[in-house]
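The values are calculated or read from the model by the stated rules, or taken from the named source; none is laboratory data. All of these numbers come straight from a predicted model, not from anything done at the bench. Note that we place each Cβ from the backbone using ideal geometry, even for glycine, and neighbour counts take in every protein chain shown. In case anyone asks, the SASA skips ligands and DNA or RNA and just uses the protein heavy atoms, side chains included. Shrake-Rupley method; radii C 1.70, N 1.55, O 1.52, S 1.80 Å.
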Amino acid sequence: YMARLKVLVTGANGFVGRAVLDALAQAGHDPVAAVRGPEAAASLAHANLPVHEVGSVDGNTEWVPVLQDVDAVIHLAARVHVMQDTAASPLDAFRLVNREGTLNLARQAFASGVTRLVYASTIKVHGEATPDAPFSESSPLAGKDPYAVSKIEAEQGLFTLAQDAGREAVVLRPPLVYGPGVSANFLRMLKLVDKGLPLPLGLVRNKRSLIGLANLAHALVHCVDHPQAANRAYVVSDGQDLSTPELIRALASAMGKPARLLPFPPVLLRLAGKLLGKSHVISRLLGSLAVDSSTIRAELGWSPPQSLEQGLRLTCDHYKANPDN
């Protein structure tokens, strides 16, 4: 199945998008980039590939001109989790981009002759935590927050559209993605480790799955043309789960810094989180969110090209060179 395909990547200038463009070129495909506006387009100008400005992604985006001769689509453009959401109705705002935007793209893509759409969803469709067993493809779709709900609806609508059109959809559900240029919570953790501040997390015994940027990009590209992937959803991860203290030690080691972990009872941390209105942050640090990615390995013969250690080292090297990111 090694044909050279023309593959459209939406959200191509983003953290994952850039890695996917590289992975497609490495796999011998012809990537085409779709971005929102001129600034995003300019940031890809050096990449030596067609770049289309499509404006905001919602139910009205006009995709047909961008879909000329495109064989497959990797759809990354999304409204992602925002900490201080100012939208009057966050669920409507998420649905507009993540559900309507995805289904509008899929309709036009399938009508234009695209045979397969690969969709980057999220592990959050299964929920926020795994107190018992890791999430797998057979775990119920139980995501509750507006972001997860919009992604569940997008997945379900996408599979229906593909079936009706006689086309193919593939869904990947990654956990936390880290890599060079990572932002948000992972960047905050890098900064804390870099400052060498003592962290009260020494007694935490949890399990969290991660996926490196290069590994996620590789998995998405792997799903573009693998015959077994048609109309399947996969959870995907590096396959090495870490506790929060193990992650902090690994980051400290990659940065040549001491890991200062204080043995503080988790029950007191949860109480402090409640008092400070930061329960969700504390839950992430203390809780488990593990995934079992054995199915994609067995069915598609996929394995991550980069080890967790390599991925964390590259992430830390990039951070040291660009501390302001």
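Out of curiosity, is S243 of a type in the set (S, T, Y), more than 17 Å from V177 (Cβ to Cβ), modelled with pLDDT of 95 or more and surrounded by fewer than 20 Cβ atoms within 10 Å (Cβ to Cβ)? For S243, the condition - of a type in the set (S, T, Y), more than 17 Å from V177 (Cβ to Cβ), modelled with pLDDT of 95 or more and surrounded by fewer than 20 Cβ atoms within 10 Å (Cβ to Cβ) - is met.
Check G101, G113, G28, G14 and return the single one that is of a type in the set (G, A, S) and touching a Gly at 6+ places or on another chain (Cβ under 9 Å).
On the way: G113 fails: touching a Gly at 6+ places or on another chain (Cβ under 9 Å); G28 fails: touching a Gly at 6+ places or on another chain (Cβ under 9 Å); G14 fails: touching a Gly at 6+ places or on another chain (Cβ under 9 Å).
Going through G101, G113, G28, G14 in turn, just one is of a type in the set (G, A, S) and touching a Gly at 6+ places or on another chain (Cβ under 9 Å): G101.
Which one is farthest from G157 (Cα to Cα) among residues in region 11-59 that are open to solvent by 50 Å² or more (accessible area, probe 1.4 Å) and of a type in the set (D, E, K, R)? Looking at residues that are open to solvent by 50 Å² or more (accessible area, probe 1.4 Å) and of a type in the set (D, E, K, R), I get E39.
Note on region 298-316: residues that are in contact (Cβ under 8 Å) with a residue 40 or more places away in the chain, assigned to a helix (DSSP H, G or I) and under 17 Å from S136 (Cβ atoms) amount to 2.
Taking the criterion of being within 11 Å of Q240 (Cβ to Cβ) and open to solvent by less than 10 Å² (accessible area, probe 1.4 Å), the only residue of region 291-307 that qualifies is S293.
Restricting region 71-104 to residues that are part of a loop (DSSP other than H, G, I, E, B) and modelled with pLDDT of 95 or more, the residue that is nearest to G17 (Cα to Cα) is L76.
Let me confirm something: among G212, G196, G311, which residue is surrounded by fewer than 22 Cβ atoms within 10 Å (Cβ to Cβ) and small (G, A, S)?
On the way: G212 fails: surrounded by fewer than 22 Cβ atoms within 10 Å (Cβ to Cβ); G311 fails: surrounded by fewer than 22 Cβ atoms within 10 Å (Cβ to Cβ).
Going through G212, G196, G311 in turn, just one is surrounded by fewer than 22 Cβ atoms within 10 Å (Cβ to Cβ) and small (G, A, S): G196.
Pairs are defined by a Cβ separation below 7 Å, a sequence spacing of at least 6 or placement on different chains, a first member in region 268-284 that is under 18 Å from P131 (Cα atoms), and a second member that is open to solvent by 100 Å² or more (accessible area, probe 1.4 Å) and not in a helix (DSSP H, G or I); no pair meets this definition.
The residues of region 168-193 that are hydroxyl-bearing (S, T, Y) and not in a strand (DSSP E or B) amount to a single one, S183. Has region 105-114 got any residue that is in a helix (DSSP H, G or I), basic (K, R) and open to solvent by less than 10 Å² (accessible area, probe 1.4 Å)? Looking through region 105-114, none of the residues is in a helix (DSSP H, G or I), basic (K, R) and open to solvent by less than 10 Å² (accessible area, probe 1.4 Å).
Name the single residue that is surrounded by the most Cβ atoms within 10 Å (Cβ to Cβ) among those in region 115-166 being among the acidic types (D, E) and part of a helix (DSSP H, G or I).
Once the filter is applied, the top-ranked residue is E155.
Condition first: open to solvent by 20 Å² or more (accessible area, probe 1.4 Å) and either of a type in the set (D, E) or over 17 Å from S150 (Cα atoms) (or both). Now tell me which residues in region 61-85 satisfy that. Passing the criteria: E62, V64, P65, Q68, D69, D71, Q84, D85. Just to be sure, is A41 in a helix (DSSP H, G or I) and aliphatic (A, V, I, L, M)? The answer is yes for A41.
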